[in-house]
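Everything below concerns the one structure shown next.
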Amino acid sequence: MKKQYLLAPGPTPVPPDVLLAMAKPIIHHRSPDFIPVIQQVRADLKWLFQTTQEVLTIAGSGTAGMEASISNFMSPGDKIIAVNGGKFGERWLKIAQAFGVVPVEVKVEWGHSVDVAVVADLLAKDPSIRGVYVQASETSTGVAHNIEKLAALTRSRENTILVVDAITALGVVNLPMDAWGIDVLITGSQKALMIPPGLAFVGVSEKAWKLQASAKCPRFYLDLKREKDNLVKDTNAWTPAVTLWIGLAESLKMMKVEGLEKIFSRHARLAQATREGLRGYGLEIFAKDIPSDAVTAVLSPAGIDGQAVYKNLREQYGITAAGGQDQLKGKVFRLSHMGYADVFDVITAISGVEMVLARLGYKGKALGSGVAKAQGILIQE
Ligand SMILES: *Cc1c(COP(=O)(O)O)cnc(C)c1O
């Protein structure tokens with residue numbers, strides 16, 4: 001027998017109460033049975049996004065939310081700034097190009113956060129730029145970008161929106177949509193929201209709705225206006241993913257019981273313990289600037305293939321973490337500490353990494369030195 005531990009940056013583990021809620025017989029989405037679910041989800045998503053605006057729920061993975069955030073607010077030929085500091089930043093460029101939107105790429109060296117001054121400069125030079133597209137947490141590198149500072153740049157520009165892929169940041173770190181002036185805020189179900197893959201969420205500001213009215217990119221299924229017009233009547237444009245909505249209602253209930261501040265402080269503590277624990281075993285964290293509190297990318301020690309660490313964690317100990325992607329393949333491995341994660345997920349991760357590296361011939365610190373470091377942090381309330 002091998003017990004399984006899911007420590008990858010999505011899908012993440014789903015709490016038993018959520019699984020049980022989803023195991024009940026299916027209900028009809030246009031019957032009165034579903035209305036309380038919609039009403040609760042509508043209210044709780046506003047709470048989670050820290051906005052008074054409606055948050056739209058789409059049946060699709062997180063990328064559907066990213067695509068909707070281009071096609072609903074831009075017209076072919078429009079110019080956007082796309083911050084590209086990893087695999088997901090790169091996706092903005094690809095989606096923009098698919099719709100004939102012109103991306104001005106701000107290339108960020110992997111491992112670094114975007115230099116806000118570079119974005120400020122581009123915006124100042126070109127009043128025609130209609131959007132700044134960025135990740136709050138770039139999952140491929142384990143790096144966060146400074147969203148509060150970027151929002152300060154776009155806030156005063158009437159025709160420029162800030163679009164934030166917060167798929168591994170919402171429900172992890174504080175991203176007050178209205179207070180900071182984030183125009184489009186995106187997340188997905190399988191990361192910090194603790195439900196299975198299949199839903200994307202998009203919060204939309206008043207400024208962004210104004211752009212939406214004249215944006216000409218083709219859209220049908222992912223037309224957010226149609227979704228909003230239905231949602232305000234407590235219904236959906238299409239057949240919603242009923243079971244996932246029911247799971248979502250349950251996970252949002254759990255999140256409300258914990259409260260936003262405690263959710264953020266828990267993630268900060270788990271992330272810090274992960275980073276310090278790994279350093280305590282002599283390893284180096286890949287993030288050079290602001291590290292993500294959702295996922296930690298760690299450099300594999302010299303002479304040890306990062307993919308071998310990933311593979312051995314799985315095969316020896318049943319731990320599914322993640323390897324590196326593209327240019328980081330073999331160089332890093334990644335550990336998630338978001339969503340349904342707590343003290344012993346971190347201990348399991350660090351302990352597993354120590355044991356696997358020791359087996360692979362790592363001659364750094366003694367077994368347990370990383371775990372001890374993490375325990376020292378986690379034992380403090
Ligand atoms: C997971 C993730 C996505 C979405 O990926 P899907 O596979 O479409 O769900 C987008 N951006 C970031 C930063 C992510 O971590």
Quiz item: For the chain, what is the percent of antiparallel DSSP beta bridges, rounded to the nearest 5?
Solution: 50 percent
Exercise. Can you list which of the trypsin sites (Lys or Arg not before Pro) found in the range 46-111 are DSSP loop residues with at most 12 other C-beta atoms within 10 Å?
Key: none
Quiz item: Going down the list LYS79/LYS256; LYS149/LYS210; LYS225/LYS253; LYS107/LYS233, which pairs span over 31 Å between their C-alpha atoms?
Solution: LYS79/LYS256; LYS107/LYS233
Exercise. Identify which of PRO76, PRO25, PRO15 has the largest mean-square fluctuation in a Gaussian network model of the chain, with springs joining Cα atoms closer than 10 Å.
Key: PRO25
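Sort 27-37, 270-280 for me by packing, meaning the mean count of neighbouring Cβ atoms within 10 Å per residue, highest on top.
Most protected by this proxy first, the peptides run 270-280, 27-37.
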Practice problem: Return the single residue from VAL346, VAL104, VAL173 with maximal mean-square fluctuation; model: Gaussian network over the chain, springs between Cα atoms under 10 Å. | Solution: VAL104
Quiz item: Can you tell me the Rg and Dmax of the chain, counting just the alpha carbons, in angstroms?
Solution: 20.9, 63
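How long is the gain from LYS262 to ASP33 if the chain were fully straight, where each residue apart is worth 0.36 nm and the alpha carbon distance is subtracted? Mind dumping the intermediate values first?
Values: separation 229, 0.36 × 229 = 82.44 nm, distance 3.22 nm.
Full extension of this stretch gives 79.2 nm more.
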Quiz prompt | Straight-distance crosslink candidates among aspartates and glutamates, where the alpha carbon sits under 12 Å from LYS46 and sequence neighbours closer than 8 are dropped | solution = GLU54, ASP178
Self-check item: Unit charges on C-beta of K, R, D, E only; dipole of the range 16-258, Debye
Solution: 440 debye
Practice problem: Go through 224-234, 47-57 and give me the packing order, highest mean Cβ count within 10 Å leading. | Solution: 47-57, 224-234
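Read-outs throughout are calculated quantities, based only on the coordinates presented, and are distinct from any laboratory measurement. Please read these numbers as outputs of a predicted model, since none were measured by experiment. Note: ideal-geometry Cβ built from the backbone for every residue, glycine included; neighbour counts use all protein chains shown.
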